[in-house]
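Have a look at the structure that comes next, please.
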Amino acid sequence: MSAPAFAPPPRLNAGLVTGLVMMGIVALIAIFAPVFLSEKATMLSANRLRPPGPEFWLGTDSFGRDLFARALVATRLTVLMALGATAISVIMGVAIGCFVWLAPRPLREASLRTIDIVVAFPGLLSAL
């Protein structure tokens, strides 16, 4: 028997769709929040230290700035820092991997055992 000529497309996982939608929402907030809310996030007012309510969803700080607007505007910086940290991790991982691959056999074996030890112990256990 031969394989069918037409294979149905793979079904999307519900978790994948949920993650993509959430990532899209965060991306839209990171793009558009600084455009529309930067004035509200930096505006000083007499509404100092107001508790959360209908006017200020997360309240205000000691300068009267809206904390919800400030949190949304800060999303862009958070996303950029996460992307930067990911890029640095990828570059360092590829560099270490190339070093280990090109190293002489004794050094390669020692490096691989060191990497095994580092990966075997979670960071929290190492911190303890």
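What is the one condition in (1) open to solvent by less than 60 Å² (accessible area, probe 1.4 Å); (2) assigned to a helix (DSSP H, G or I) that ASN47 does not satisfy?
The failed condition is (2).
I've got another one for you. So which of PHE56, PHE63, PHE121 is touching a strand residue (DSSP E or B) at 6+ places or on another chain (Cβ under 6 Å) and modelled with pLDDT under 95?
That would be PHE56, the only listed residue that is touching a strand residue (DSSP E or B) at 6+ places or on another chain (Cβ under 6 Å) and modelled with pLDDT under 95.
Among the candidates ALA41, ALA110, ALA14, ALA120, single out the residue that is touching a residue at least 24 places away in the same chain (Cβ under 8 Å) and among the hydrophobic types (A, V, I, L, M, F, W, C).
ALA41
On to the next question. Just one of (1) within 30 Å of LEU112 (Cα to Cα); (2) modelled with pLDDT under 95 trips up THR86, so point out which.
Every listed condition holds for THR86 apart from (2).
Tally up the residues in segment 79-107 that are open to solvent by 60 Å² or more (accessible area, probe 1.4 Å), farther than 30 Å from GLY24 by Cβ and assigned to a helix (DSSP H, G or I), please.
8
If you don't mind, another one. Return the residues of segment 10-28 that are surrounded by 10 or more Cβ atoms within 10 Å (Cβ to Cβ) and of a type in the set (Gly, Ala, Ser); say none if nothing qualifies.
GLY19, GLY24, ALA27
Another one. So, in segment 52-70, how many residues would count as being open to solvent by less than 50 Å² (accessible area, probe 1.4 Å) and either touching a residue at least 40 places away in the same chain (Cβ under 8 Å) or assigned to a helix (DSSP H, G or I) (or both)?
Residues in segment 52-70 being open to solvent by less than 50 Å² (accessible area, probe 1.4 Å) and either touching a residue at least 40 places away in the same chain (Cβ under 8 Å) or assigned to a helix (DSSP H, G or I) (or both): 1 in total.
Using the structure shown, decide if ALA69 is closer than 30 Å to VAL35 by Cα and of a type outside the set (D, E, K, R). Talk me through it step by step, then tell me what you get.
Numbers: closer than 30 Å to VAL35 by Cα: yes; of a type outside the set (D, E, K, R): yes.
When the stated conditions are applied, ALA69 passes them.
The values are calculated or read from the model by the stated rules, or taken from the named source; none is laboratory data. What you see is a predicted model, and the numbers here were worked out from it, not measured in a lab. Backbone-built Cβ (ideal geometry, glycine too); neighbour counts: all protein chains shown. The accessibility values were calculated without ligands, DNA or RNA, using every heavy atom of the protein model including side chains. Shrake-Rupley method; radii C 1.70, N 1.55, O 1.52, S 1.80 Å.
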